[in-house]
Structure formats: structure tokens, C-alpha cells
1. Please list the equivalent ellipsoid semi-axes of region 1-140, computed as the square roots of five times the alpha-carbon gyration tensor eigenvalues, in descending order and whole angstrom.
2. Which residues make up the longest stretch of the chain that has no trypsin sites (Lys or Arg not before Pro) in a DSSP loop with at most 10 other Cβ atoms within 10 Å?
3. Sort T17, T216, T111, T41 so that the residue with the fewest other Cβ atoms within 10 Å of its own Cβ comes first and the one with the most comes last.
4. For K69, go through the lysines and keep the ones whose alpha-carbon is under 27 Å away, minus same-chain ones fewer than eight residues off.
5. Quick check: convex hull of the Cα atoms in the chain, volume per residue, rounded to a whole Å³?
Amino acid sequence: MASTRPETAPSVVDRITHELRNRIKRGHLVGGQRLIEVDWTREFGVSRGPVREALGRLASEGLVVVEPKRGAVVRRLTPKDIYDLYEARAALEGQAAALAARCIRDADHTTRLRELLRENAKFLRGGEFVRYLPVNERFHHLVLELADNQVIERLAGQLHAMAYHLQATRVARATAPSPVLSVAGSAKFHREIGGAILVSDEVAADQLMRRHIYETRDGILAVDQDTPRAIGLS
């Protein structure tokens, strides 16, 4: 007989971890910034134990590092770190796109993807980064979900927090000459990737997703090298 026990509610540590992860993801906490335990105990109204455990979880995810005499700090990524991050994303999400194309006829997958692509179409000529960001995230999350591979979904999801942190902290500089290009370019990639998935073209879905993620990586690295260019968000 299947268990009817309700799902366990998020613990205090879960909630603190989620909140700090989200602040890093949104760029509210930046690379090199100290995460002073006493400040967070005061903000969250808890003892140091849950805060310390939450910081330990974020360290295991690669979002935080513990430095001698400084304590926990938001991880500052080197160009090699960025390159490796996007290589891993391309491999995982390219495969996820191929699997999504294979599974697209299952359940309500086609309907859900078409609905999201209609929302995405509003940004084909550009738009504000802040308004587009949730659409961008939902697209990548939906592809992972449609792939129906929990290992890929979990691993790729862990990479998203730092990837979106990079975009949030660099996109303003990267798109200063032409803010429309990054949003429009990303939306067009999503349209092409989604189109390949809808017609069950596994090869094209994989290749387009990889290209999309590689171009984002190259744009971020160009910003770090003081070579401004528009980046396509992924």
C-alpha cells in the first residue's frame, strides 16, 4: 500500500539556504562578498547553527567558499571556472533538449512548450532584461523537465544558480551598447530550440542548445576581458 504521509515541510536550514542561493542567483550578493554569520542570524532570527549549515550546503554547491580569517564568501569565478561551468551546462542541457525532443509526444508536453514559446515570442524584438529573465529561466527549466531524467535535471539545476548570477552581475556592462540584442538573440534561440523539440528533431535540439549556451559563455568571457558585446542569455 502506498504511503499517504504528507511531504516534509522545508526546514529552517532549507529556507535559509534557498534565500541565500536566490540572492546569489539574482546578483544581490556578489563574488567576493563576505557572508557574516551574525548578520544572517539577526536577519533570519535564528541561532548560528542553521546559518552555518546553510552556508555549508552552498559551499558544497560551489556558490560559497570558506577563506581563512574571512569566513564564508560568495565564490568569485575565474575565466577557467566560467568556461568549465558552461561546458558542463552545454553537455547536460544539450542532452536534455535531445531527450525532450524524444519525449515531446508524451502527456501534455507539446501544449506546455507551445504556451511558453508564445510568451517567449513577446521578446523576439527585444525587451527589458528584468522582464525577460523569468521567461528565460522557465524555458531552460521546462526543457530539463520534459527530458524526464532526474539526474540531468538535478545536476543542471545546480549549475543554474551561478550561471544566472553571472548574467545578473555582468549583463548591464555586456549589453550597454545595445540592450535589445541579448534579449532578442536569446528569445530567437529559444524559438529555434523549441521548434526542433516540437518536431522531435533530437540532433538539432541538442546542437542548438549547445550553441546557445556556448554563445552566452563567450559573451560573459568577453565582458571580463573588457571586450563589450551583447550576450544571449541562457
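Only the coordinates and a few stated rules stand behind these numbers; no lab work does. Predicted model, so just to flag it, every value in this text is computed and none were measured. Neighbour counts run over all protein chains shown; Cβ positions are idealised from the backbone, glycine included.
1. 33, 23, 17
2. With trypsin sites (Lys or Arg not before Pro) excluded where exposed in loops, the chain gives 106-234 as its longest stretch.
3. T111, T41, T17, T216
4. K25, K80
5. 145
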